[in-house]
Every structure is written in C-alpha cells, then in structure tokens.
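What follows is a short report on a single structure.
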Amino acid sequence: MLYLELFIQGLVQGSIYALIALGLTLVYGLLRILHVAHAALFTLGGYIGVIVTNATGSFTLAMVVAMLVVGLAGMLMYKLAYEPLLSQPPYVSLIASIALFIASEEIFRIAFGPYGLSYQTAPLQGHIELFSGFYLKYAEILVMGLSTILMIALAWLSMQTRTGVAWRATVTDPDMARAFGVKIQNVRYLNFFIGSSFAAAAGVLVALLNNLVEPTMGSVASYKALAIIVLGGLGSIRGTLIASLLLGVLESFGTIYIGHLLDRDAIAFAFLILVLMIRPQGLMGGKL
Amino acid sequence: MLEVSKLSCGYGDIVAARDISFRLSSGEVLSIIGANGAGKSSTLMCLSGLVEQYNGSIQVNGVELAKLKPEQRIQKGISIVPEGRRIFPDLSVLENLIVGGQIVDKSTLHLGCEQAFNYFPRLRDRQRQLAGSLSGGEQQMLAIGRALMSQPKVLLVDEMSLGLMPKVVDECYEVLNDLKQKNVAIVLVEQNTERALNAADQVLLIEASQVTWQGSAEALKQTPELFNSLLGLHKGN
Ligand SMILES: Nc1ncnc2c1ncn2[C@@H]1O[C@H](COP(=O)(O)OP(=O)(O)OP(=O)(O)O)[C@@H](O)[C@H]1O
Ligand SMILES: [Mg+2]
C-alpha cells in the first residue's frame, strides 16, 4: 500500500514537472535557447490562479485565465527579450533569460508582497477512497487528469493538424519550412503560447497542492526543469515526459528510503549526474 | 514569367554570384552550368529568398520579389527542390507533402498529394513511412513532390540527379518534362551536363560567381568548341 501511495505521489509530482519542462523543451527544440525565465511564467500562473480564484470564487475560471494570460505573457517575452537576440550566439539569450528570471522574482515581491498568497477557501480539498484505506485527494486527481488532457491535446495538435506538421517541420529545418510558406514567426508565437500556458497550469496546480504561492516558487522549478530536459535528451518531447515522471517517482521513493542522506532535490541531481555519466546524451537524446 | 536582372547575392562579405540576368517564359527550361563553388546553388537559394540578395531584381509575372520573405515568395508561385533534397527526415512522407502544400487549401492539398503519388507511385506505398528512412532516390522524388504541392509557376531544381541510378533520373526528368508541358518555368542546376543541355531551352554558364556565357541551347550547339568542352568537363560523372 505504501508503494502504491509513493508511486501516485511520484506521478503527481512528475506530472507537474512535465508541464513545466515541456515548455523548456519546446523552446530549446525550436530556438536552441535555454529559456530559464520560463519558471517566472510558472510563478505568474500560480499568482493569477490564486488571485482570480479569490476574486471570483471559480477555480476553473482561474485556471483558464492563468493559462491564457501567461500564454500571452510568454509570447510577449519572446517578442521583447528573445527575438532581438536571435542573431546573437545562444549564451546571449541565456544571460538575458537569467536576468529576466531574477528580475521577475523581485517584481512578484514588489507587486504581491514578500510572504506569498494563499487561497481564501482552498478549492478541491476533499478526497475519495479508491478502495479500503487508500485515499486520493481531488487535487491530485486533477493534477494527473489535467496534465494528461493537456499532453493529449498537444499530441493531437502536433500530429493531426497542418499547423502541427508545419511546427515540427520548422523544428527540423526552419529555412526549408519557410521556403514552403510556413510563417515561422507564428510558429514561434504558438510555441511560446503553449509552453507558457502549460507552465501556468503547473503553477496553478502547485498553488493548489501547497495552498501557497510565493515570489521564489519558480527557482526550484527552474533548475529542476533544466535538469529534466537534459535528462530527457535536449529537445526531445518524449524524453522530457519520461524523465519528468521518472524523476517524480524516484524522488517520491527516495525521500522515504534515502531521505536521511539526501533531500528531495539532492536526489534529483544525484540521479541526473548518474544518468549523464552513463548516457551523456540523456535518456532519449540522439547522438551528441 | 520569371525575369531576373543584375542579381547579386552572397553571405555577408562573401559574394556568391554577381550580375545574373535572364528572362524565362512559361514552359521554358534554363540550365545553369558551372564548376563546384561557382555560385549556382546560392543563386537558386537567393531566388527563394534564403540567401541574401545585394542587388538587382527578381520578378515573377511582373511582381517584384526582392523585398519579400521566403514564406511570401512561394505565394507568388516560386518553389524549390533544393540541393541535398532537405526533406524533413522525422516527418512522414505524407507530412512532408503537407508542408509543401502549406499555402494551399485542403482540396488542392489532396489533389497535390494525388499528383505526387501519380508521378511517383513508390511514394504512395510509403506515405506513412518516415522520410528519413527512404532511399536516396525516393527522397529525391519526395523533394520534387513536395515542391509541386504549392502548384508553382516557377520551379527551381538543384542537383536533382546527384547520386541516383540512371533509371530514377529518367523518371525525374519525365516529371520535369510533364511540368514543362503544363507551362511551368524551370531553372535547372545540374552536374550532369549532358542531361542539363538536353533539357534546356536556355543555358547560363557561371564561373567564379560570374556569368561567362549565356544564350539559347540552339546557339550553344552552334558553338561546337564551347559545347564540347562543356560535355568534356563532366565526362567523369
Ligand atoms: N552558408 C555559406 N556561408 C558562406 N559562404 C558560402 C555558404 N554557402 C556557400 N558559400 C560560398 O558561396 C560560393 C558559391 O557556393 P554555391 O553552393 O552556390 O556553389 P555551387 O555552384 O552550387 O557549387 P556546387 O556545384 O559544389 O554545388 C562558394 O564559394 C561557397 O564557399
Ligand atoms: Mg550547388
């Protein structure tokens, strides 16, 4: 029973990781930029979720608003911070991204106060008993369910629609895609919109699980998501999903069995180092 | 149809071609011939908008393309079969064709796929296969099929026969011939000079980024020394 519980905990955490890391993978795949400031969008999503829920009483509305607003914020971030730097070597946009991320923590502090916010009446706090003695929180069900739905929606978009096909073509050969009429500007906007709105969903869900959003909630998310995309093999969507879930489950078991030696984040990085020693290209990455 | 005048292009400080001018009517084939590094591919890529243009003008049916981005040029009827094929390896055959037909509506897209499969029946059987797993010849067929999806008026074709069996080359040239009948203007870059000259209505010779001779294929044949030296140049291929 404990195993099953730990496993579910791991999947819940892993789903959150997947939602965050996916945006990084998408941006890396398309532009070869390490989009560190992505975590700021995750935090923004969390804040919007709490604020809109508190203002309107509707968690669903809060989720939708957070995803839309943060999606647009991601597009804006691309337009203002990355697009002007595209002709520069990649480390230039990396520096810009880090700066943006650090600045964002201060902005959250100034705008919403240093101590963070909570839901006035936290939504979805109940649980159901799946079978005798085994409980699942509504919030956990929502995390796994929503992540699954979002991933399926993304898979459908990229495999079954002309836009998705154009998007994948742009990732492999942007010049050729353009030559056949793919508007790569729109592809990039779409990319940032989707990645950012997924991060926003993760932010709202984390706020729900912890009943707290705070200015620094993005920092752990940022470096862990970086670790995950490296683990998954940079730019591989499948690798990112697998690495996210694997890491979630591993951390979940690890905190119980080796928690006295290493804390949750240390376990994650120990695992990262271990994998990279054996497979430097990551779990799913191609040749280096 | 396609009118190019005083075109120069290159990569920053490296000039790849200068002062290229020609005028091509619909259903005509222009062969550009020159040694490795002469600037042939750069010229084609410049027509598509993928290589920087310094000077000159490119007009398709009187519409100036010079200021247009690549994604806008294809709307004006120009399409490319690039050097090295450059199919999208991790997309399926069908998906490659869909990208080629990015600018057309759904029904034209279906017609385009049918056309590509009729030209190259082998692609029909492999439409769900990843393009990267096709043989070289099949990849070339796909590159041609993809370029035709937008129903171009001008087709740019670079090194189509490189590395292909003569039989497959024949197949590809038959398609070009059919397109010619359908009034598509074709600019052909080809190492196989014999084939290039056979197909050509007009010929343009480039050497070290400069045009050294240009005229009709007829005129070239009446200049035996030049004609023979051209054929001799690539006898090895
Ligand atoms: N991406 C690039 N950056 C800088 N210079 C380039 C680039 N591509 C080509 N060149 C240069 O431009 C010149 C013309 O190259 P191009 O590829 O157009 O020649 P080509 O006639 O097609 O040759 P080949 O027969 O070998 O295909 C060459 O000197 C080449 O080195
Ligand atoms: Mg070439």
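The values are calculated or read from the model by the stated rules, or taken from the named source; none is laboratory data. Every value quoted in this text rests on a predicted model; they were computed, and no experiment measured them. Please note: Cβ atoms are built from the backbone with ideal geometry, for glycine as well, and neighbour counts cover all protein chains shown. Side chains are part of the model used for accessible areas, which takes the heavy atoms of the whole protein and leaves out ligands, DNA and RNA. Shrake-Rupley method; radii C 1.70, N 1.55, O 1.52, S 1.80 Å.
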Would you be able to tell me the number of residues in the range B:160-194 that are within 16 Å of ligand 2 (Cβ to nearest atom) and within 18 Å of B:GLU28 (Cα to Cα)? 6
If I filter the range A:78-88 for residues that are hydrophobic (A, V, I, L, M, F, W, C) and open to solvent by 70 Å² or more (accessible area, probe 1.4 Å), do I get at least one hit? yes
May I ask you to list the residues in the range B:109-168 that are of a type in the set (Asp, Glu) and touching a Pro at 6+ places or on another chain (Cβ under 6 Å)? B:ASP158
Turns out the strands (runs of 3 or more DSSP E) fully within the range B:1-99 with at least 3 residues that are within 14 Å of chain A (Cβ to nearest Cβ), surrounded by 15 or more Cβ atoms within 10 Å (Cβ to Cβ) and not hydrophobic (A, V, I, L, M, F, W, C) are none
So, B:GLU64, is that one among the acidic types (Asp, Glu), outside the structural domain of B:LEU134 (by TED's automatic domain parsing) and touching an Asp or Glu at 6+ places or on another chain (Cβ under 8 Å) or not? no
Kindly indicate whether any position in the range A:107-127 is within 23 Å of the chain's Cα centre (by Cα), surrounded by fewer than 18 Cβ atoms within 10 Å (Cβ to Cβ) and on the phi > 0 side of the Ramachandran plot. yes
Just one of B:LEU123, B:LEU111 is surrounded by fewer than 16 Cβ atoms within 10 Å (Cβ to Cβ), out of contact with any Lys or Arg (no Cβ under 8 Å at 6 or more places or on another chain), more than 14 Å from chain A (Cβ to nearest Cβ) and part of a helix (DSSP H, G or I); which is it? B:LEU111
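Do any helices (runs of 4 or more DSSP H) entirely within the range A:156-238 hold 3 or more residues that are surrounded by 22 or more Cβ atoms within 10 Å (Cβ to Cβ), more than 14 Å from chain B (Cβ to nearest Cβ) and of a type in the set (Gly, Ala, Ser), and if so, which?
Counting at least 3 such residues, we get A:184-210, A:217-231.
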Within the range B:22-42, the residues that are over 13 Å from the mean Cα position of the chain (by Cα) and either without any contact (Cβ under 8 Å) to a residue 40 or more places away in the chain or within 6 Å of ligand 1 (Cβ to nearest atom) (or both) are B:ARG23, B:GLY34, B:ASN36, B:GLY37, B:ALA38, B:GLY39
Every listed condition ((1) at pLDDT below 95; (2) over 20 Å from B:PRO89 (Cβ atoms); (3) not polar (S, T, N, Q)) holds for A:GLY239 save (2)
